[in-house]
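Asks: Sharing a structure, written as structure tokens. Questions coming.
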């Protein structure tokens, strides 16, 4: 009988011991965090990300020619300065945009059933006075395919959708490369050779359906 009572008491005490252990572990974690903070430790990644966003907001984006260029500029402003340009511009971004089309699948009557739309940008980021002079020039390319249909309106709609996808891809590629450059000021060298065109993540030719 006494043995059964001891087992019952032990089982009842187990949850309380687990609760005390969990509370002790939580207290130790809080104490460790407080100690690190007191020693000057800060989350570096979060700080760098915030600093990078603040610097991107100081980029002045030049006008880009044509309707597609205007759309690309709007996409860049959304990504680089979502809250508007802040303070005095530290950088100027100049972009040129070119477009080309190529036919893919061909019917026996030599009419196309699918085409590729390629948009290519060449962009230059320049540091403005009173900051140290320097600039970088890069290129990015985005290729998207679309169906060539019997209806001209439907084909134009498909082509416009492909163009929008390409512009979004280019805007994101430019943002990433600019942010990388700003975090590595040593790349601002006007005498450095320009790299060859690069393909952004969404630009690989799409397989035929």
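Asks: Determine if the stretch 118-127 includes at least one residue that is more than 30 Å from residue 55 (Cβ to Cβ) and modelled with pLDDT of 90 or more. Steps first, answer last, please.
Replies: First, pick out the residues of the stretch 118-127 that are more than 30 Å from residue 55 (Cβ to Cβ): 118.
Now restrict to residues that are modelled with pLDDT of 90 or more: 118.
Yes.
Asks: Does residue 152 qualify as being in the same structural domain as residue 56 (by TED's automatic domain parsing) and free of Cβ contacts under 8 Å to residues at least 12 places away in the same chain?
Replies: Working: in the same structural domain as residue 56 (by TED's automatic domain parsing): yes; free of Cβ contacts under 8 Å to residues at least 12 places away in the same chain: yes.
Spelling it out, residue 152 is indeed in the same structural domain as residue 56 (by TED's automatic domain parsing) and free of Cβ contacts under 8 Å to residues at least 12 places away in the same chain.
Asks: Let me ask you something else. Looking at the structure I just gave you, is residue 84 under 22 Å from residue 64 (Cα atoms), in contact with a strand residue (DSSP E or B) (Cβ under 7 Å, 6 or more places away or on another chain) and assigned by TED's automatic domain parsing to the domain that holds residue 57? Reasoning before the result, please.
Replies: Details: under 22 Å from residue 64 (Cα atoms): yes; in contact with a strand residue (DSSP E or B) (Cβ under 7 Å, 6 or more places away or on another chain): no; assigned by TED's automatic domain parsing to the domain that holds residue 57: yes.
Judged against the criteria, residue 84 is not a match.
Asks: Here is a check on your reading of the model: is residue 173 modelled with pLDDT of 90 or more, within 16 Å of residue 76 (Cβ to Cβ) and either outside any loop (DSSP other than H, G, I, E, B) or not assigned by TED's automatic domain parsing to the domain that holds residue 53 (or both)?
Replies: Values: modelled with pLDDT of 90 or more: yes; within 16 Å of residue 76 (Cβ to Cβ): yes; either outside any loop (DSSP other than H, G, I, E, B) or not assigned by TED's automatic domain parsing to the domain that holds residue 53 (or both): yes.
Yes, satisfied.
Asks: Further question on the same structure: Read through the list (1) under 29 Å from residue 184 (Cβ atoms); (2) modelled with pLDDT under 90; (3) surrounded by 15 or more Cβ atoms within 10 Å (Cβ to Cβ), then give the number of the only condition that residue 130 fails.
Replies: It fails just one condition, (3).
Asks: Are any residues in the stretch 122-166 within 16 Å of residue 69 (Cβ to Cβ) and not in a strand (DSSP E or B), and if so, which ones? So that I can check it myself, show each step before the final result.
Replies: Just the residues of the stretch 122-166 that are within 16 Å of residue 69 (Cβ to Cβ), to begin with: 122-124, 139-142, 160, 163-164, 166.
Scanning the stretch 122-166 gives 160, 163, 164, 166.
Asks: Same structure, new question: Return yes or no: is residue 188 at pLDDT 95 or above and crowded, with 19+ Cβ neighbours inside 10 Å? Walk me through how you get there before you give the answer.
Replies: Working: at pLDDT 95 or above: no; crowded, with 19+ Cβ neighbours inside 10 Å: yes.
In short, no.
Asks: Here is a follow-up. When the residues of the stretch 133-160 are narrowed to those that are under 19 Å from residue 94 (Cβ atoms) and over 22 Å from the mean Cα position of the chain (by Cα), which ends up surrounded by the fewest Cβ atoms within 10 Å (Cβ to Cβ)?
Replies: 133
Asks: Restricted to the stretch 54-88, and to residues that are surrounded by fewer than 15 Cβ atoms within 10 Å (Cβ to Cβ) and assigned to a helix (DSSP H, G or I), which residue is modelled with the lowest pLDDT?
Replies: Per the stated criteria, the residue is 54.
The values are calculated or read from the model by the stated rules, or taken from the named source; none is laboratory data. As the structure is a prediction and not an experimental result, all values here were calculated from the model. A quick note on method: Cβ atoms are made from the backbone with ideal geometry, for glycine too, and the neighbour counts reach across all protein chains shown.
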